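For reference, the structure is listed below as structure tokens.
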Amino acid sequence: MQLFEKYRPKDLDDVVGQDKAVATIRRVIGRKGWDRDAFWIEGDTGTGKTTIAQCIARELGCPPESLGYQEIDGEKCTVDEVRRLADHAIRCRLFEDLWKVVIVNEAHAMTAKAVQAWLTFLEKLPGRWIVVFTTTQESSTLFGDFNQPFMGRVKCIRLTKVGLKEAFAEHLQRIAKAEELDGKPLSLYQRLVHINRGDMRSCFQAIEMGEMKAVRKTTVQKRAEAGLQRANRKRSRQAKKHNK
Ligand SMILES: Nc1ncnc2c1ncn2[C@@H]1O[C@H](COP(=O)(O)OP(=O)(O)O)[C@@H](O)[C@H]1O
Ligand SMILES: [Mg+2]
């Protein structure tokens, strides 16, 4: 398994650097009587959007491996697909105790027509239906005339970039250590996050390729070893002098 998948947080509490977004989501889903909703999660690539969406699904007992869970790409989320979901919702009314979580990734790729189809569906979401749209783009002007009505039907969660470099660097170093792929100081992990524009997935790729391993460590080790040898030599010289 690739590292980014192995270490994908399973619980909202394990999501790194997005405390405010997580707290907001917890407030929403923890509200008494809450049983249906639509979220719009905005953030840069590899900062945790799909991860958070999957954590929400898990909280509801509807993990990615379960029947009620579905992930679609925005591009494939056409008018027909939205209508199919709406039909499905009507047919599934009989099984209302099961949660249905639909995640639409790269939601900015949806056409205006698809967004229009969502308007009706989101307006009267059936019980236990959750839709999570994720996107790397700002919502403000994406869907023209439909923008306002669409955004009024979803809860917008903006992931932050503030403090991510430090939080991600520490997280990555911890994992690299556990995987025996570490060797560089924390500052270089911060640099890794910076170079990859905060994209944790790309950082994992670099770590898997051994980029955070060795080199510096051997120099550091060599220096430490040389220091130790010098100290040992000094000690034995002193011991000899003392014994004379
Ligand atoms: N905030 C985060 N906390 C912990 N891991 C994260 C976070 N963001 C990204 N990751 C790691 O990067 C991988 C990709 O994250 P993902 O949520 O799919 O990104 P995207 O925002 O592009 O949807 C995850 O599998 C996880 O290992
Ligand atoms: Mg994603």
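Figures for the structure shown
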quantity: Scope the stretch 23-48; condition surrounded by 21 or more Cβ atoms within 10 Å (Cβ to Cβ), β-branched (Val, Ile, Thr) and more than 10 Å from ligand 2 (Cβ to nearest atom); matching residues; calculated: 25
quantity: Of the criteria (1) modelled with pLDDT under 95; (2) in a strand (DSSP E or B); (3) acidic (Asp, Glu), which one residue 97 fails; calculated: (2)
quantity: Residue in the stretch 102-114 that is nearest to residue 54 (Cα to Cα), counting only those that are surrounded by fewer than 23 Cβ atoms within 10 Å (Cβ to Cβ) and more than 15 Å from ligand 2 (Cβ to nearest atom); calculated: 111
quantity: Residues within the stretch 140-197 that are within 16 Å of ligand 1 (Cβ to nearest atom) and closer than 22 Å to residue 23 by Cβ, tallied; calculated: 15
quantity: Sole exception among (1) modelled with pLDDT under 95; (2) small (Gly, Ala, Ser); (3) part of a loop (DSSP other than H, G, I, E, B) for residue 86, by number; calculated: (3)
quantity: Entirely in the stretch 161-244, the helices (runs of 4 or more DSSP H) that have 1 or more residues that are under 24 Å from the mean Cα position of the chain (by Cα) and within 30 Å of residue 50 (Cα to Cα); calculated: 164-178, 186-195, 200-208
quantity: The lone exception for residue 104 - which of (1) under 29 Å from residue 197 (Cβ atoms); (2) away from ligand 1 (no atom under 16 Å from the Cβ); (3) assigned to a strand (DSSP E or B) it fails; calculated: (2)
quantity: Residue 97 away from ligand 1 (no atom under 16 Å from the Cβ), farther than 22 Å from residue 151 by Cα and either polar (S, T, N, Q) or surrounded by fewer than 16 Cβ atoms within 10 Å (Cβ to Cβ) (or both); calculated: yes
quantity: Condition broken by residue 71, with the remaining ones in (1) within 11 Å of ligand 1 (Cβ to nearest atom); (2) in contact with a Pro (Cβ under 8 Å, 6 or more places away or on another chain); (3) not in a strand (DSSP E or B) satisfied; calculated: (3)
quantity: Among residues of the stretch 49-72, those that are within 10 Å of ligand 2 (Cβ to nearest atom) and closer than 21 Å to residue 151 by Cβ, counted; calculated: 4
quantity: Residue selected from the stretch 122-134 under the condition in contact with a strand residue (DSSP E or B) (Cβ under 9 Å, 6 or more places away or on another chain) and over 12 Å from residue 100 (Cβ atoms), by the criterion farthest from ligand 1 (Cβ to nearest atom); calculated: 122
quantity: Inter-residue pairs, beta-carbon under 6 Å, first more than 18 Å from residue 45 (Cβ to Cβ) and in the stretch 182-198, second among the basic types (Lys, Arg), 6+ apart; calculated: 183/213; 183/217; 184/216; 190/165
quantity: Single residue of 172, 142 found to be touching a helix residue (DSSP H, G or I) at 6+ places or on another chain (Cβ under 7 Å), of a type in the set (A, V, I, L, M) and in the same structural domain as residue 15 (by TED's automatic domain parsing); calculated: 142
quantity: Complete set of residues in the stretch 42-66 that are hydroxyl-bearing (Ser, Thr, Tyr) and within 13 Å of ligand 1 (Cβ to nearest atom); calculated: 45, 47, 50, 51
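The values are calculated or read from the model by the stated rules, or taken from the named source; none is laboratory data. Keep in mind that this is a model prediction, so the values were computed, not measured. Ideal geometry is used to build each Cβ from the backbone, glycine not excepted, and the neighbour counts take in all protein chains shown.
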